[in-house]
Amino acid sequence: RQHGFHPALLAGGYRAAPNRHGAILVDEATDPVDAGDEAVLLARQTGLPVAAGKDRRAGLALLARSHPACDVVVSDDGLQHCGLPRRIELLVIDDLSSALDVETERVLWDRLLIDDEVTCLAVSHRRIALSRADYIIILKNGRVEAAAAEVRSGPRRVRREGCGEGAAAPCVGFDDPG
């Protein structure tokens with residue numbers, strides 16, 4: 001919103017009571033039994049328009065009719081719903097590979113990152129994920145502590161360093177391994 005966009009959210013309504021219309025609008029007063037707890041939580045925490053239901057196309061149409069100024073819709077599990085129109089695809093992965101052996105993890109990342117049209121946001125502390133990153137953001141207590149672009153030239157160690165005298169936050173540097 002701070003950049004002038006008018007976003008809305010589209011949720012699956014997991015564990016919601018069946019809806020004969022395929023989707024419903026959700027706000028902070030909606031009963032989680034009707035829309036699913038995730039959709040209600042999103043509405044309460046973001047204040048954004050939310051539609052929930054198994055029929056994502058019906059939810060998208062409902063958002064378009066109810067919120068005509070909306071120009072960005074973010075859908076959970078959107079990659080699973082190939083019938084939804086899209087301009088960009090963002091795959092969000094939360095520590096996906098932490099329980100894998102090194103070879104399986106390598107194959108996983110090779111296959112996930114094969115399509116240049118999909119942007120991948122990976123939350124990870126694993127070396128292989130960091131080594132493939134175009135940009136790394138370090139969070140501490142929910143706030144950005146440091147961020148930097150990385151040149152993809154193999155695994156590097158992330159280090160924090162001062163940005164000069166009086167710096168408000170540390171910078172991030174990358175050391176070559178070895």
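Hand me the GluC sites (Glu not before Pro) from the stretch 57-139 located in a DSSP loop with no more than 16 other Cβ atoms within 10 Å, in residue order please. Before the final figure, lay out each step's value.
Numbers: sites: 89, 103, 105, 117; in loops: 117.
Hits after loop and neighbour filter: 117.
Extension gain residue 143-residue 77, at 0.36 nm per residue separation less the Cα-Cα distance, in nm? Mind showing how you got there, number by number?
Numbers: separation 66, 0.36 × 66 = 23.76 nm, distance 2.55 nm.
Extra length available between residue 143 and residue 77 comes to 21.2 nm.
Calculate, in nm to one decimal, what residue 45 and residue 116 gain on full extension: separation in residues at 0.36 nm each, minus their alpha carbon distance.
Working: separation 71, 0.36 × 71 = 25.56 nm, distance 3.18 nm.
Gain on stretching residue 45 to residue 116: 22.4 nm.
With all protein chains present, how much of the accessible area of the stretch 38-105 (probe radius 1.4 Å) comes from carbon and sulfur, to the nearest whole percent?
Values: 2490 of 4350 Å².
Within the stretch 38-105, the accessible surface is 57 percent carbon and sulfur.
Counting only heavy atoms of the protein chains, get the accessible area per residue of the stretch 79-141 (1.4 Å probe) and round it to a whole Å² value. Kindly include the intermediate steps, with their values, before the conclusion.
Values: 4810 Å² over 63 residues.
With the other protein chains kept in place, the stretch 79-141 gives 76 Å² per residue.
Give, in nm to one decimal, the length gained when the segment between residue 99 and residue 61 is fully stretched (0.36 nm per residue of separation minus the Cα-Cα distance). Walk me through the intermediate numbers first.
On the way: separation 38, 0.36 × 38 = 13.68 nm, distance 3.94 nm.
Extra length available between residue 99 and residue 61 comes to 9.7 nm.
Antiparallel DSSP bridges in the stretch 3-150: what percent, to the nearest 5? Don't skip to the answer; put the middle values down first.
On the way: 9 of 22 bridges.
Of all bridge pairs located within the stretch 3-150, approximately 40 percent are antiparallel.
The values are calculated or read from the model by the stated rules, or taken from the named source; none is laboratory data. Because the structure is a prediction, the values reported are computed rather than measured. Neighbour counts run over all protein chains shown; Cβ positions are idealised from the backbone, glycine included. Accessible surface is based on the protein model in full, side chains and every heavy atom, while ligands, DNA and RNA are left aside. Shrake-Rupley method; radii C 1.70, N 1.55, O 1.52, S 1.80 Å.
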